[in-house]
Amino acid sequence: MNTHTSCLIIGSGPAGYTAAIYAARADLKPIMLTGLQPGGQLTITTEVENYPGYPEGTQGPEMMEDFRKQALRFGTDIRYQLASKVDFSKRPFTVTVDDKYDITADTVIISTGASAKWLGLPSEQTFNGYGVSACAVCDGFFYKGQNVAIVGGGDTAAEEASYLAKLCTKVTMLVRKDELRASKAMQHRVFNTPNIEVLFNHDTLEIVGEQTVNGVVVRDNKTDKTYTLDVTGFFVAIGHKPNTDIFKDWLDLDETGYIKTVLGSTNTNIPGVFAAGDAQDKIYRQAVTAAGSGCMAALDAERWLTEQGH
């Protein structure tokens, strides 16, 4: 069952599917391993209004289905399987699938994405997409003129709180410790934004509502008082974890696990291995930027193969 391909794409989502479309149209006959969550984070997103070409907006899962069909149309071999191990020591590269069989590949495009870190509350998943979000830039628009809460104390939380403050009537930051971890510049911005209130020493206990969120139960750890904040949106900004564990022995990663790429390209430290989307982008993390880097990865792979005489 072992297979060889010119181009193996590990991971789906906007980056992987776009890479597949470009690679397939370049006649590289790509194989894609979708991973455990075909379509990536967008499959757990409801409304998407900021992707060009969808003037009325669309649902995340529907958009990913459109991407999938387009990749299939040009002949991508999409396999609903997981890359369990890689060996980048020699070319062609070897990728083990579901611990069962190997695929050898002249080039590999990694688009395994990143997963938002959650608090671990059952209600967080119940209301995910219905008042709970891990991306203020994606979903803040839906809470225009409303009161929202955001949990986290780092730069991401401070930045997202500042973004939400431009749209929402009031933003309450819930911080477990007695100080922000964010940089001084970000702290300054938060404390000088009149409609952001920072509640230190606060834990989130429960998100409440019926069909959608209408409150968050919190505890003030200094007074041990439990009460409910009246909010319609709850944003989690405690970080993301890139899905890159199987590459750590081979590729240069930053301190949080994002794949390092050469500036202005999708090249990694191993020639012939490319990275696109949220697995290497901790700054923008948008569907449209992921798709753009997927295009870049396929073009980089095609050019590299040409240079190698393929």
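Answer with yes or no whether residue 169 is of a type in the set (Val, Ile, Thr), surrounded by 15 or more Cβ atoms within 10 Å (Cβ to Cβ) and over 26 Å from the mean Cα position of the chain (by Cα). No; evaluated as a whole, the condition is false for this residue. Going through (1) modelled with pLDDT under 95; (2) closer than 22 Å to residue 11 by Cα; (3) touching a Lys or Arg at 6+ places or on another chain (Cβ under 7 Å); (4) not in a strand (DSSP E or B) one by one, residue 241 falls short only on (4). Scanning region 10-47 for residues that are over 14 Å from the mean Cα position of the chain (by Cα), modelled with pLDDT of 95 or more and farther than 19 Å from residue 102 by Cα yields 17, 18, 19, 20, 21, 22, 23, 24, 25, 26, 27.
Residues in region 119-152 that are at pLDDT below 95, part of a loop (DSSP other than H, G, I, E, B) and buried (at least 23 other Cβ atoms within 10 Å of the Cβ): 134 only.
Looking only at region 43-59, decide whether some residue is in a helix (DSSP H, G or I), on the phi < 0 side of the Ramachandran plot and touching a strand residue (DSSP E or B) at 6+ places or on another chain (Cβ under 7 Å). Taking every residue of region 43-59 in turn, at least one turns out to be in a helix (DSSP H, G or I), on the phi < 0 side of the Ramachandran plot and touching a strand residue (DSSP E or B) at 6+ places or on another chain (Cβ under 7 Å).
Here's the yes/no breakdown for (1) modelled with pLDDT under 95; (2) among the aliphatic types (A, V, I, L, M); (3) outside the structural domain of residue 128 (by TED's automatic domain parsing):
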{"residue": "187", "(1), (2), (3)": "no, no, no"}
{"residue": "213", "(1), (2), (3)": "no, yes, no"}
{"residue": "228", "(1), (2), (3)": "no, no, no"}
{"residue": "262", "(1), (2), (3)": "no, yes, yes"}
{"residue": "266", "(1), (2), (3)": "no, no, yes"}
{"residue": "280", "(1), (2), (3)": "no, no, yes"}
{"residue": "291", "(1), (2), (3)": "no, yes, yes"}
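The selection criterion, being under 25 Å from residue 226 (Cβ atoms) and either polar (S, T, N, Q) or not in a strand (DSSP E or B) (or both), holds for residue 178. Within region 68-89, how many residues are of a type in the set (S, T, N, Q), touching an Asp or Glu at 6+ places or on another chain (Cβ under 8 Å) and outside any strand (DSSP E or B)? Of the residues in region 68-89, 1 are of a type in the set (S, T, N, Q), touching an Asp or Glu at 6+ places or on another chain (Cβ under 8 Å) and outside any strand (DSSP E or B).
Residues in region 264-310 that are at positive phi and buried (at least 17 other Cβ atoms within 10 Å of the Cβ): 272, 277, 285. When residues in region 244-253 are screened for being out of contact with any helix residue (DSSP H, G or I) (no Cβ under 7 Å at 6 or more places or on another chain) and touching a residue at least 12 places away in the same chain (Cβ under 8 Å), 6 of them pass.
The values are calculated or read from the model by the stated rules, or taken from the named source; none is laboratory data. What you see is a predicted model; the values in this text were computed from it and never measured. Note: ideal-geometry Cβ built from the backbone for every residue, glycine included; neighbour counts use all protein chains shown.
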